[in-house]
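Working notes, beginning with the structure itself.
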Amino acid sequence: MKPRRSRFLQRILAGVVVCGHTALAAGIDGSDSSESGQALPSPSLDSLMAASSINVEQSLGLVPTEPDSTPVEKSLLGTEPEKLASSRKNSSSSSGRLSMNSSNGWTMSTNTKNGEYLARSLSGAGVTALGAAWRDQMERQLQSIRNRTTTLNGAMPCEMESDGKGDVCQPPPYTVWGNAEIGYNHLDDQGYQPGYKLNTLGGTVGFATSSSEDFTMGAAFTGMSGRIRATGVGNAASGDLDAYYASVFARKESGCVTHTFIGTVGFADTMLKRNASLGDVTYSTKGKSDGVGYGFMYEMGRTFRMNPEYMSNAWWQPVLNISYIHSTIDGYSEDGSDIALNVGKQTRNNVIFGLGGRMQAMVAHEWLNRSALWEMRLLGKATAGARRQKVGVSMPALDESTTVGSAKSGVVGVEMGIGMTMPLGLNCGAVFMDFSAEFADNYNAVNGTVGYRMDF
């Protein structure tokens, strides 16, 4: 542990761990305030630090509690006197008990694990869930728009016609669409390094125009509402992550080679509540912030017709893509209690490489009396850049600062998906559905889309 961080966590343990007990609010003599029948307010950090003498080394579990120390009627964690005396007799420095020492005030004897649990809870590592989730949502948006562009022209590639002339179907001059979308993202926590779980629901409207049979361009607008929860030991936090995106795209076919370009800018509106339990009192804080992000993707593919003898209306397309993502959550100040933090700006930059293939086919003509476009894709991915979200935090009440970080996401992963576009009839548009999933070391995500498109 870095010295600066160690001092910060020691100060937290020394100055804030005692904040959770209502007995201390009644005075340092350890009298049991519960007999009065009156609810006591949560003690302030300043008053507790002024009234308490904390043994920092004992707080961190570095030295044992003095064997002759006498506990008061009630320990800080509510342990009954008889049980506390028994545990003090039979335990070592890792007893994990907080009690009143008659000679030097409140002390805490705990092992390193318990101390780390409390320190991480108070130092606010859970706030990194916002930055980590926002970066992943920017990547999801690029993938979502990419998946739409591959079917806008009916996906009729070169060499599709059975006469072998390589004719390509003329795409519609104008297309509009709208879709609903639901998603789930999960970054596994790594002990005291928090992960997150994010549930999203929203939709997209977009339009495209084709000036020729081999060029399409358009724009899309997306709104997503999300509920986020930080996961991990000592990182109780939950809140909202709402996002809005504007995307532009273009797709160019040069013979049998396709080039796809996508640009996205996103804006986030976030809120996060944190809870820290100190004894029998739970302290809560709340903070709000905004975020911005932008990303670009370029994808190239080469279309190959499948064996016409068996699959005359199917084709295979190896693809290679590269993406760049920048995401930022602005710094903010929490309020609500003495353990409130000032949280710095959370920034990430990543480059993502993808290599794999896409298969498409016209299917179900015999069943539906019309041909539906079916698609399946599978890509391997590698990510360069920051693998975890880091941010500086400070506690004004202690005038100390440190850096906290989220769990790491994997470097390599796999993306897979399946979709179908089915015409409803002549000049009646089409419905489309898509399901995608992504798996990497310590991270997974699923996303489902259903929508309607109309050609003019």
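The values are calculated or read from the model by the stated rules, or taken from the named source; none is laboratory data. Computed from a prediction, not measured in an experiment: that's the story for all the values here. With ideal geometry, Cβ positions are generated from the backbone for all residues, glycine too; neighbour counts draw on all protein chains shown. Protein only, heavy atoms only, side chains kept; ligands, DNA and RNA dropped before computing areas. Shrake-Rupley method; radii C 1.70, N 1.55, O 1.52, S 1.80 Å.
Has region 197-212 got any residue that is assigned to a loop (DSSP other than H, G, I, E, B) and over 16 Å from Arg251 (Cβ atoms)? No. For region 417-439, a residue qualifies if it is open to solvent by 30 Å² or more (accessible area, probe 1.4 Å) and more than 17 Å from Thr150 (Cα to Cα), and the qualifying residues are Leu424, Leu426, Asn427, Cys428, Phe439. Residue count for region 378-403 under the criterion of being more than 21 Å from the chain's Cα centre (by Cα) and not in a strand (DSSP E or B): the result is 4. Taking residues in region 294-315 that are closer than 30 Å to Ala268 by Cβ and hydrophobic (A, V, I, L, M, F, W, C), and partners anywhere that are open to solvent by 20 Å² or more (accessible area, probe 1.4 Å) and at pLDDT 85 or above, the pairs with Cβ atoms closer than 7 Å and at least 6 places apart or on different chains are Phe296/Tyr324. For Thr264, the requirement of being in a strand (DSSP E or B), in contact with an Asp or Glu (Cβ under 8 Å, 6 or more places away or on another chain) and not acidic (Asp, Glu) is not met.
Applying the criterion of being of a type in the set (D, E, K, R) and farther than 24 Å from Arg274 by Cα to the residues of region 183-233, the residue that is nearest to the chain's Cα centre (by Cα) is Asp214. Residues in region 362-404 that are open to solvent by 20 Å² or more (accessible area, probe 1.4 Å), under 19 Å from Leu130 (Cβ atoms) and modelled with pLDDT of 85 or more: Gly385, Ala386, Arg387, Arg388, Lys390, Gly392, Ser394, Thr403.
Look at (1) open to solvent by less than 30 Å² (accessible area, probe 1.4 Å); (2) of a type outside the set (D, E, K, R); (3) modelled with pLDDT under 95 and you find that Thr264 fails only one, number (3). Among the conditions (1) open to solvent by 30 Å² or more (accessible area, probe 1.4 Å); (2) within 28 Å of Pro194 (Cα to Cα), His259 misses just one, which is (2). The set of residues in region 445-456 that are under 15 Å from the mean Cα position of the chain (by Cα) and either over 25 Å from Gly354 (Cβ atoms) or open to solvent by less than 40 Å² (accessible area, probe 1.4 Å) (or both) comprises Ala445, Asn447.
Within region 342-361, the set of residues being open to solvent by 10 Å² or more (accessible area, probe 1.4 Å), under 22 Å from Met300 (Cβ atoms) and not β-branched (Val, Ile, Thr) comprises Phe353, Leu355, Gly356, Met359, Gln360.
When region 106-151 is limited to residues that are modelled with pLDDT of 80 or more, more than 22 Å from Gly239 (Cβ to Cβ) and among the hydroxyl-bearing types (Ser, Thr, Tyr), the one that is surrounded by the fewest Cβ atoms within 10 Å (Cβ to Cβ) turns out to be Thr151.
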